[in-house]
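Below is one structure; the comments refer to it alone.
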Amino acid sequence: MKQKFSKKQCDLLFQAVLVHDDIYFDATFPENFHLNYTQHQISQCYKICRQLWKQGVNRSHLYNTFDKIIHDQRLSDDEKLAYKHMRARFKHLRFAYLACDENHHCPASLYDLTRRMGKLQDSLKHKRPVSSTEKLKEFKKVRKLKVKTTVPFFTVVRWEINQFKPCSNESFKNYINSEMDFIKLHLVAKEVNGKDFHEMRKVISMQVALFDNLKTLFPSSYHEQVSQFLSTVNGMMGSLHDELIIKKFQQSSYYFDDTFQLPDDIRTRLVTIVDAYSKTTGKDSY
């Protein structure tokens, strides 16, 4: 496929992807928030993500990474960083497919591989399990990842990401607000468990990814303002989720059953976001 976006644009986008959870405590959400983008702009948002993925994801490198984990049970710091960067490209492409495709449905192979890579990244980032049972579970996870990066499986992923068809603006708005409804539901519930909190953060992460694309393709102070506010919430939620994952690995907290109240600084910002997004379709605010 002929490259459509400049190296500068792709570099700027990837730089934004890597700092998608930077915190700007003074960031404010714009009063004139909207989601009014043309089908061409929506298509551009996906296509730059696809180009970024194709330029930065190496199948054989991934395969060899999983093979090394299986045999050596470790990665060097440089190898962990390279893996993190490739996984970031997967995650960014998955979000773009969900938000911008006419069906708002991520292809199965891309979704599954991205999800499995994320679980492994949690294990690499945090303290690894030490019991023989947990080690066996980790081994099986990495074996599955290795299989999914063989040529036949990866060819399917490459084919799937080229089947994208852009959605209409109406579909775009409705899908994003349906995702926001998930957050609204849990704001009403007052307490959440670790899994639901993670799902809430994924909704925010998708919006960070979307506005990373928009501020790269269509630079403006407006896009920068939205991006910084969303990034702040994403970063605050990410720090809390890291604590939940550590407790999960240490078995000091049950991730799926234990519930907690959202910290006020996160909750207040989520209410601001949900209210603003609801107004784009005329829905009732939170």
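Between the beta carbons of Phe153 and Asp26, assuming R0 = 35 Å, the FRET efficiency works out to 0.15 to the nearest 0.05.
Rank by packing, highest mean first: peptides 236-244, 203-211, 271-279, with packing defined as the count of other Cβ atoms within 10 Å averaged across residues.
Values: 236-244: 16.2, 203-211: 24.2, 271-279: 18.7.
Put in order of decreasing packing, that is 203-211, 271-279, 236-244.
With Cα atoms as the point set, the radius of gyration and Dmax of region 159-220 evaluate to 14.5, 43 Å. Which values, in whole Å and largest first, are the semi-axes of the equivalent ellipsoid of region 37-167 obtained as the square root of 5 times each eigenvalue of the Cα gyration tensor? Calculated on Cα positions only, the semi-axes equal 30, 14, 13 Å. Using only alpha-carbon positions in the chain, the gyration tensor eigenvalues give semi-axes of 30, 26, 16 Å once each is multiplied by 5 and square-rooted (largest first).
Extension gain Glu102-Thr272, at 0.36 nm per residue separation less the Cα-Cα distance, in nm?
58.4 nm
Note on region 176-286: semi-axes of the ellipsoid equivalent to its C-alpha gyration tensor, largest first and rounded to whole Å, are 26, 17, 10.
By the combined test of axial Cα extent (at least 27 Å) and Kyte-Doolittle hydropathy (mean at least -0.5), the qualifying DSSP H helices of the chain come to 169-189, 194-217, 221-250. Here's the picture: charge each Lys and Arg Cβ at +1 and each Asp and Glu Cβ at -1 in region 37-167, and of Thr155, Tyr63, Tyr37 the one pushed furthest to the positive end of that dipole is Tyr63.
Distance between the 7 Å Cα→Cβ label points at Arg115 and Asp77: 3.4 nm.
The modelled label-to-label distance for the pair His61/Thr281, using points 7 Å beyond Cα in the direction of Cβ, is 3.8 nm.
Helices in the chain, meaning DSSP H runs of at least 4 residues, each add -39500 (n - 2.57). Divided by all residues, the mean residue ellipticity at 222 nm is -24500 deg cm²/dmol.
Calculate, in nm to one decimal, what Phe260 and Glu170 gain on full extension: separation in residues at 0.36 nm each, minus their alpha carbon distance. Mind dumping the intermediate values first?
On the way: separation 90, 0.36 × 90 = 32.40 nm, distance 3.55 nm.
Gain in length upon complete extension: 28.8 nm.
Structure shown: which of Lys173/Lys279; Lys47/Lys125; Lys148/Lys195; Lys8/Lys173; Lys4/Lys80 lie over 19 Å apart, alpha-carbon to alpha-carbon?
On the way: Lys173/Lys279 11 Å; Lys47/Lys125 30 Å; Lys148/Lys195 25 Å; Lys8/Lys173 29 Å; Lys4/Lys80 30 Å.
From Lys173/Lys279; Lys47/Lys125; Lys148/Lys195; Lys8/Lys173; Lys4/Lys80, over 19 Å: Lys47/Lys125; Lys148/Lys195; Lys8/Lys173; Lys4/Lys80.
Values in this text are rule-based calculations from the coordinates and carry no lab data. Every value quoted in this text rests on a predicted model; they were computed, and no experiment measured them. Using ideal geometry, Cβ is built from the backbone for each residue, glycine included, and neighbour counts are taken over all protein chains shown.
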